[in-house]
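Undergrad: Provided herewith is a single structure, encoded as C-alpha cells, for subsequent inquiry.
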Amino acid sequence: MTDTNEMLDMVTPKKELTEKERFKILQSKPIDKNVKEYLMDKLGNLYIEVLSKYEGSLFELMSEDNLDGWCWETTESAIVFLNDDDYISRGYLRFDEKTPNYYHSWMCFKFEDTEYVLDPCLNILCKNSDYSEIFETVVISRVTAKETRKDLIKHLTAPKEEMSESAKEFHSFLKELVGDYLERKSGEVTLPYSNNKSDPLY
C-alpha cells in the first residue's frame, strides 16, 4: 500500500507543491540508521553558539530549528569535519509560488556510494537526488570540504590584524544596535567573509 506522501509525490506536479508538503515529503523519507551513525561520529562533537541565544551540538540545534537563517555559517563550520570530496552547495530552492528562489546553502556527502544532503538549517537529512528533485534546486557554486578546511586553517593561523578605524566604528555601532553578544571571548577568532559565492568562506 502506498502512503500519503508517496501518493503526493507521484501525483502532484512539483511546481504545485506547497512549502509544507515539500518538507513533509523529505522529512518522511526513511534514512538508513548507519548514515545517521556515520554523521554522529563525524559531527557529534561540533558545538555551536548562536548569538548567545542558543548553544549546543549541531544535532541538538538542528532538531530544535535553532539554526534557521544561519546556513552559510553552519555549513562552513560543519563541512570541515567531513571527507575532502564532500561539499557545500550554494544556490536556490523552490518552496512554493511565494518563495520560488530561496537563497541557501546545504552540505552534500557520500556514504557507501550514495550521495546525501545534510541541511541542518532546514532540519533535513535525505538522499541528494530527493532533495534536488523536491526543492528543484539550482546550484550556483560548490565548495569542497578540503578547500574550506584549508581556508579556515589559513585564517586561524594567520597573525591577527588590527581593525581599521572604520571597522572599529562599525563594530561600535553594531554593539549599540544588537547588544553584548558582539563582545569577543578569549581566544575567539573572527573570520573574514567574501562576496564571491565560490569562495570557501562566503
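Undergrad: Hey, does the stretch 115-125 have a residue that's open to solvent by 10 Å² or more (accessible area, probe 1.4 Å), in a loop (DSSP other than H, G, I, E, B) and in contact with a Ser or Thr (Cβ under 8 Å, 6 or more places away or on another chain)?
TA: Yes.
Undergrad: Is it true that some residue in the stretch 146-156 is among the β-branched types (Val, Ile, Thr), assigned to a helix (DSSP H, G or I) and open to solvent by 80 Å² or more (accessible area, probe 1.4 Å)?
TA: Yes, some residue in the stretch 146-156 is among the β-branched types (Val, Ile, Thr), assigned to a helix (DSSP H, G or I) and open to solvent by 80 Å² or more (accessible area, probe 1.4 Å).
Undergrad: Of the residues that sit in the stretch 40-77 and are part of a strand (DSSP E or B) and of a type in the set (Val, Ile, Thr), which one is modelled with the highest pLDDT?
TA: In this case the residue turns out to be ILE48.
Undergrad: Do we find that LEU46 is closer than 26 Å to VAL138 by Cα and among the hydrophobic types (A, V, I, L, M, F, W, C) in this structure?
TA: no
Undergrad: Could I ask something else about it? Where residues in the stretch 16-39 are acidic (Asp, Glu) and assigned to a helix (DSSP H, G or I), which of them is least open to solvent (accessible area, probe 1.4 Å)?
TA: Applying the filter and picking the extreme gives GLU21.
Undergrad: If you don't mind, another one. Report whether or not ARG94 is touching a residue at least 40 places away in the same chain (Cβ under 8 Å), open to solvent by less than 70 Å² (accessible area, probe 1.4 Å) and within 18 Å of ASN195 (Cβ to Cβ).
TA: No, not satisfied.
The values are calculated or read from the model by the stated rules, or taken from the named source; none is laboratory data. Predicted, not measured: the structure shown is a model, and the values here were computed from it. Cβ atoms come from the backbone with ideal geometry, glycine included; neighbour counts cover every protein chain shown. Protein only, heavy atoms only, side chains kept; ligands, DNA and RNA dropped before computing areas. Shrake-Rupley method; radii C 1.70, N 1.55, O 1.52, S 1.80 Å.
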